[in-house]
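Report on one structure; see the data block that follows.
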Amino acid sequence: MPKLHIDEVYTKASTYPLLANFQNGYLNDEFKPNYCMLLQDKRNGEKTVATVIENLLYSGQEAKEDLGKTLVLARNKLTGKVRIVEHGNVELKPILNINNIKSNTELDTSYLELSRKFGSKKQKKNVEQREKLKVNVTTVKEQMHNVTVNITEDQLDLSSYTKTDTDDFYIPPINRDADRAEDVYDLYKILSKEQYEIIHSEMKEKDYNNELLPWIKDFAMKKLSDELSVLLLYASCSLKLYATLGRDILKKNFVICTSSSTLNDIILKNFTTYVGGRRNRPIQYKDKALCHALVFLLLVNNLKCDVEEISKNVKFSVRTLIVKFKLIGATIVTSGSKKIAHLKLPLASVNIGRRRQSAKF
């Protein structure tokens, strides 16, 4: 092979040749020279070549040569001089007219028609299954509209979603800023004056003493006002509700207080929920009934109660019952060998830093 002597080297200038390659083919001897356009982007200087071959547009951008350069060795046959010329590279790609291309839906339909007419038994079976799976959107919308027309709004009881992780949920309305212990729990914030009168009149028509729990009857031996007599029955029925099994509360005609229908409705409203036509008693409402009853017993008995006596009757440990008394603001004092819950100022507080997880808080 003869040795060549390079006379000149032409690097890229403002104008330089471009080598064009086609993405899906190669040039052969039958290819004829064709007119093309060279376009340059004013923003970044990138060059684009475009040409039309057999009514199809081809275009491509000049490739970046960061890692190397394209050099063409050219030799003049007459003079024998050899030159090296730096070229650019561009790959021309066909630009398809998307408007002339059928959509996927049309192609699928054509395929299904061909399979139905000329396909095998297996293909025809697959076509039938695919047609069964097709969904008519308009028909579905009409069906959904017909279904939703007859839907009525159901007013839900949202009482079970109230905030039940605070002390105030478990106890009657409380005045923590009261100047006297007697004013901590206002009788007329527990029930209205009218409610006291109605309930007391209903109680007088029946022997309500028979409805009191045996150990609570000792409180009734004292001379009580009409309001305190109502609260005594309120406490007794609340404790009975606390001890009632959940399946009994679910009964349709469940009654917890037979001496007063008004008080019965108040107790069921305060200590049970009614959702979807069924009455229920969540565990928070069970604790609420017990705490209310303890408050009522304190009010009836001059703001004092024997913790051990109540513990024995409600079947709670003394320690657990002390926590509940502290929750309602009562202080535990020791008198001889007895533990007495006393509602006095300042009010007691209980540590509720950890979330209550059961009826025992």
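The values are calculated or read from the model by the stated rules, or taken from the named source; none is laboratory data. Remember, predicted model here, so these are calculated numbers, not experimental data. Here Cβ is always computed from backbone atoms with ideal geometry, including for glycine, and neighbour counts include all displayed protein chains.
Some values worked out for this structure:
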quantity: Residues satisfying the stated conditions in the range 214-269, i.e. touching a Lys or Arg at 6+ places or on another chain (Cβ under 9 Å), more than 18 Å from L187 (Cβ to Cβ) and among the polar types (S, T, N, Q); calculated: T244, T258, S259
quantity: Residues that are part of a helix (DSSP H, G or I), among the hydrophobic types (A, V, I, L, M, F, W, C) and touching a Lys or Arg at 6+ places or on another chain (Cβ under 8 Å), drawn from the range 316-342; calculated: V318, I322, V323
quantity: Some residue of the range 310-318 being free of Cβ contacts under 8 Å to residues at least 12 places away in the same chain and in contact with a Leu (Cβ under 7 Å, 6 or more places away or on another chain); calculated: yes
quantity: Positions within the range 281-311 being of a type in the set (D, E, K, R) and under 23 Å from S337 (Cα atoms), in sequence order; calculated: K304, D306, E308, E309
quantity: Single unsatisfied condition, K315 versus (1) at positive phi; (2) of a type in the set (D, E, K, R); (3) under 34 Å from the mean Cα position of the chain (by Cα); calculated: (3)
quantity: Matching option when the condition is modelled with pLDDT under 85 and either on the phi < 0 side of the Ramachandran plot or not assigned by TED's automatic domain parsing to the domain that holds E309 (or both), among L212, L231; calculated: L212
quantity: Strands (runs of 3 or more DSSP E) within the range 3-75 that include 2 or more residues touching a Leu at 6+ places or on another chain (Cβ under 8 Å); calculated: 18-22, 47-53, 56-61, 70-75
quantity: Where a residue in the range 335-356 is modelled with pLDDT of 80 or more and its partner, wherever it lies, is exposed (fewer than 11 other Cβ atoms within 10 Å of the Cβ), with Cβ under 9 Å and at least six apart; calculated: I340/T334; L345/D179; L345/R180
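Table: residues versus (1) touching an Asp or Glu at 6+ places or on another chain (Cβ under 6 Å); (2) at pLDDT below 75; (3) under 30 Å from E131 (Cβ atoms).
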| residue | (1), (2), (3) |
| --- | --- |
| L18 | no, no, no |
| Y35 | no, no, no |
| D41 | no, no, no |
| A50 | no, no, no |
| R75 | no, no, no |
| R83 | yes, no, no |
| S103 | no, yes, yes |
| T109 | no, yes, yes |
| L114 | no, yes, yes |
